[in-house]
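Scroll down for the structure; my scribbles are underneath it.
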Amino acid sequence: MPLRTPKELFVLLLSDVRQATEKSSAIYNEIGQNVQDPQIKELLDARAFISRKTLEMLDQCFKLINEQPVKFSGRVQETFIDDFRKELGEIQGPVARHIFILAKLNHLTHLRIGEYAALTAAADISGSYAVGVLLETCMADKLAFVERTRRLIRNLVETRVTERKLEQVA
C-alpha cells in the first residue's frame, strides 16, 4: 500500500502498534508457561492485563482521528517469539532461564517504547494532542514495566549471589 501523506504513515504505525498489542497477551501467556517463579508469572499476568487496557486506549486513538486500523504485515514480533523459543530451549538452569525471559521481555518492551515515542511526536505534529496524551500513557505503562522487570532481575541475581556465598561458607 503506497503511503502518500504523513497521516497515512501515522495510521500505519499506529495500526502496527495496535496489532502488536493485540498479540502481546498471547505472548505473555506463552512465556508465562515457561516460568516456575510465581513473581514472574504474576508480572506476566499483570502485563497481559495492561496490554488489554492499552488496546482500549489505542482504539480510542483511532476514534479520535476518525480512522480504522489497517492491516500491517510487520513480522518483528513473530521473529522475536520464534527466536525466543529456540534460544530458551537451549538454556537449562532455572535462574538463567528466568533472567533470559526477563531480559527478552525488556528487549521487546524497549522496541515498543521507541514506537510510542515516535507516534507521540507524530500526534503532536498533526495537532492530535488528545491522541498524544493516550500514547504517552501507553508509553508510561511500558516504562513502568521495564523498571519493574529490571528490579526483578536485580533481585534474582542478588538472591543467587547470596546463595552462592552461603554455599561457599558451608
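The values are calculated or read from the model by the stated rules, or taken from the named source; none is laboratory data. Values in this document were obtained by computation on a predicted structure and should not be read as measured data. Every residue, glycine as well, gets a Cβ built from its backbone with ideal geometry; the counts of neighbours run over all protein chains shown.
Quick notes
- Evaluation of Leu134 against the conditions (1) loosely packed, with under 15 Cβ neighbours inside 10 Å; (2) within 16 Å of Val11 (Cα to Cα) shows that the sole unmet condition is (1).
- Considering each residue of region 61-81 in turn, at least one proves to be surrounded by 15 or more Cβ atoms within 10 Å (Cβ to Cβ), in contact with a Pro (Cβ under 9 Å, 6 or more places away or on another chain), at pLDDT 80 or above and within 25 Å of Ala144 (Cβ to Cβ).
- Region 115-142 - residue that is among the hydroxyl-bearing types (Ser, Thr, Tyr) and over 17 Å from Lys53 (Cβ atoms) and, of those, nearest to the chain's Cα centre (by Cα): Thr120
- Candidate set: region 1-34, residues that are among the charged types (D, E, K, R) and part of a helix (DSSP H, G or I); chosen: the one nearest to Lys104 (Cα to Cα): Glu30
- Taken over region 26-65, the criterion of being in contact (Cβ under 8 Å) with a residue 60 or more places away in the chain, within 30 Å of Glu8 (Cβ to Cβ) and of a type in the set (Asp, Glu) is satisfied by no residue.
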